[in-house]
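**Student:** I have a structure here, written as structure tokens, and I will follow up with some questions on it.
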Amino acid sequence: MSKRSFLTRAVHAGEYGSGHHGAVSFPVYNASVFRFENADEAFEIHNHHKHGFYYGRLGNPTQEALEFTVAELENAESSLAFSSGMAAVSAAVMTVAGAGDHVIALSSMYSTTTSLLKHLASQFGLEVSFIDGTDASNYEAAIRPNTKLLWLETPSNPVLNITDIKAVAEIARAHGITTIADNTFATPYNQNPIDLGVDAVIHSATKYLGGHSDLTAGMLAGNRDLVEKARMETTRYFGGNIAPQVAWLLMRGIKTLALRMRQHNDNAYAIAHMLADHNKVTAVHYPGLDSHPGHETAKQQMRGYGGMVAFDVGGGNEGKAFVNGLRLCAIATSLGGVETIVQHSASMTHAGLSKDERERAGIPDGLLRLSVGIEDPDDLIEDIAQALEGI
Ligand SMILES: Cc1ncc(COP(=O)(O)O)c(C=O)c1O
């Protein structure tokens, strides 16, 4: 049977198995310990000869229903849920690479992933190179004999750079190297990196998968060996497992992912075009714009361009004046929720860097990152336009 459409899978993927008294919403199993029928069963489940649950850090039925859902939506063999996106990122990296191994990642990407890799390099003997991933050949040029992992993030946070996923996956395969893509910005509604050849994806599920700015979670989805190694090593040793209530809330969010993403995509597309035509805006970064350097690649690998837009208003004072002038959009640091939020990077996430360091990281002082929500686009455009007029 052919795979059902994304809309259908987002609603039904978590319904598995029988029982649960026919509950239509998968129950929350508030249990950290699971009882065995007898010693033989204890042996079998505990030693993974038989499927089952025994201890909360290593799995729970509600968590498993969530993992099944995300694996379905990412076309992955297997999936593992975490307490945050960074728990998923760190587990993914440490599952694939250790002391003496080399990882290639992006010079412009989510800043805490950058910090994690630098930390693993300075404290735990990992070798790391940061490259410009807008040209896939930069990955190949940076490969060393000990390279174990190519890390992708496309579109990237915060400036929406695009990496050609298929090209990087082909380079990696030719060298026997693992590829992992952070698919947080795109979501599986817009992009499935595994279909394009990567071994696994991670998500900050705190963002679009949850979708309501009310939970913190992370997901890893990919080939079974990689995911199960993560479960039995990083999650077992470091923890970072998701709580059952959060797993349930995340599954509830995912049921409307397709509907929300349609509106995020449409709203961001409209706003990016409005910003591109505005005289107070010096640059707009949105992969759906013809002028975006990664537009042709995005068109190939994405079904929609997502809800994130970055733009420059020319300077730090202008950036602050813009956020202060907003009436509807909130000033906040996260993204992916139903409500529109805006971040002025130079006075928020990147305030700790010098102006020079920010420039080098591709974060000019006038950069604003907009997480476009699902409100009426006319209301959003009116708010953004009046805040721009005020700077
Ligand atoms: C692209 C990306 N990856 C990973 C993370 C980390 O996720 P979390 O904050 O859920 O730990 C974030 C958070 O902003 C992100 O934007």
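**Student:** Considering only segment 315-325, I want to know if a residue exists there that is within 22 Å of ALA205 (Cα to Cα) and touching an Asp or Glu at 6+ places or on another chain (Cβ under 8 Å).
**Tutor:** Applying the first criterion (within 22 Å of ALA205 (Cα to Cα)) to segment 315-325 yields none.
No; the residues of segment 315-325 include none that is within 22 Å of ALA205 (Cα to Cα) and touching an Asp or Glu at 6+ places or on another chain (Cβ under 8 Å).
**Student:** Mind listing whichever residues of segment 353-390 are in a helix (DSSP H, G or I) and of a type in the set (S, T, N, Q)? Can you show your working first?
**Tutor:** Within segment 353-390, the first condition is being in a helix (DSSP H, G or I), and the residues that meet it are 355-360, 377-389.
Matches in segment 353-390: GLN386 only.
**Student:** Please enumerate the residues belonging to segment 336-363 that are in contact (Cβ under 8 Å) with a residue 60 or more places away in the chain and either under 26 Å from ILE131 (Cβ atoms) or not assigned by TED's automatic domain parsing to the domain that holds TYR286 (or both).
**Tutor:** Once the filter is applied, which keeps residues that are in contact (Cβ under 8 Å) with a residue 60 or more places away in the chain and either under 26 Å from ILE131 (Cβ atoms) or not assigned by TED's automatic domain parsing to the domain that holds TYR286 (or both), segment 336-363 yields GLN343, SER345, THR349, HIS350, ALA361, GLY362, ILE363.
**Student:** Out of segment 325-346, which residues are surrounded by 20 or more Cβ atoms within 10 Å (Cβ to Cβ), among the hydrophobic types (A, V, I, L, M, F, W, C) and in contact with a Ser or Thr (Cβ under 8 Å, 6 or more places away or on another chain)?
**Tutor:** Hits for segment 325-346 are CYS329, LEU335, ILE341, VAL342.
**Student:** Any idea which of (1) within 16 Å of the ligand (Cβ to nearest atom); (2) assigned to a helix (DSSP H, G or I) is the one PRO287 doesn't satisfy?
**Tutor:** Of (1) within 16 Å of the ligand (Cβ to nearest atom); (2) assigned to a helix (DSSP H, G or I), only one is false for PRO287: (2).
**Student:** Of everything in segment 215-250 that's under 16 Å from the mean Cα position of the chain (by Cα) and closer than 26 Å to GLU375 by Cβ, which residue is surrounded by the most Cβ atoms within 10 Å (Cβ to Cβ)?
**Tutor:** The qualifying residue surrounded by the most Cβ atoms within 10 Å (Cβ to Cβ) is LEU250.
**Student:** Tell me the helices (runs of 4 or more DSSP H) entirely within segment 92-211 that contain at least 3 residues that are within 15 Å of the ligand (Cβ to nearest atom) and assigned by TED's automatic domain parsing to the domain that holds LEU250.
**Tutor:** Details: elements: 111-124, 137-142, 165-175, 187-190.
Hits in segment 92-211: 111-124, 187-190.
**Student:** Report yes if ALA310 is in a helix (DSSP H, G or I) and either buried (at least 21 other Cβ atoms within 10 Å of the Cβ) or away from the ligand (no atom under 16 Å from the Cβ) (or both), otherwise no. Reasoning before the result, please.
**Tutor:** Working: in a helix (DSSP H, G or I): no; either buried (at least 21 other Cβ atoms within 10 Å of the Cβ) or away from the ligand (no atom under 16 Å from the Cβ) (or both): yes.
So ALA310 does not fit the description; no.
**Student:** Looking only at segment 219-234, which residues are within 15 Å of the ligand (Cβ to nearest atom) and either at pLDDT below 95 or under 18 Å from ALA97 (Cβ atoms) (or both)?
**Tutor:** Going through segment 219-234, the residues within 15 Å of the ligand (Cβ to nearest atom) turn out to be 219-221, 234.
Hits for segment 219-234 are LEU220, THR234.
**Student:** Just the residues that are closer than 17 Å to TYR208 by Cβ and within 9 Å of the ligand (Cβ to nearest atom), please, taken from segment 64-91.
**Tutor:** If the condition is that a residue be closer than 17 Å to TYR208 by Cβ and within 9 Å of the ligand (Cβ to nearest atom), then PHE82, SER84, GLY85, MET86, ALA88, VAL89 are the ones that fit.
**Student:** Cβ-Cβ distance below 7 Å, separation of 6 or more or different chains: which pairs start in segment 365-391 with a residue that is more than 22 Å from ASN317 (Cα to Cα) and surrounded by fewer than 16 Cβ atoms within 10 Å (Cβ to Cβ) and end on one that is of a type in the set (A, V, I, L, M) and at pLDDT 95 or above?
**Tutor:** ASP379/LEU328
Per-residue answers, yes or no, for (1) at negative phi; (2) of a type in the set (Val, Ile, Thr); (3) surrounded by fewer than 20 Cβ atoms within 10 Å (Cβ to Cβ):
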residue: TYR54; (1), (2), (3): yes, no, yes
residue: GLU64; (1), (2), (3): yes, no, no
residue: VAL96; (1), (2), (3): yes, yes, no
residue: LEU106; (1), (2), (3): yes, no, no
residue: LEU150; (1), (2), (3): yes, no, no
residue: ALA167; (1), (2), (3): yes, no, yes
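The values are calculated or read from the model by the stated rules, or taken from the named source; none is laboratory data. Because the structure is a prediction, the values reported are computed rather than measured. We place every Cβ from the backbone using ideal geometry, glycine too, and count neighbours over all the protein chains shown.
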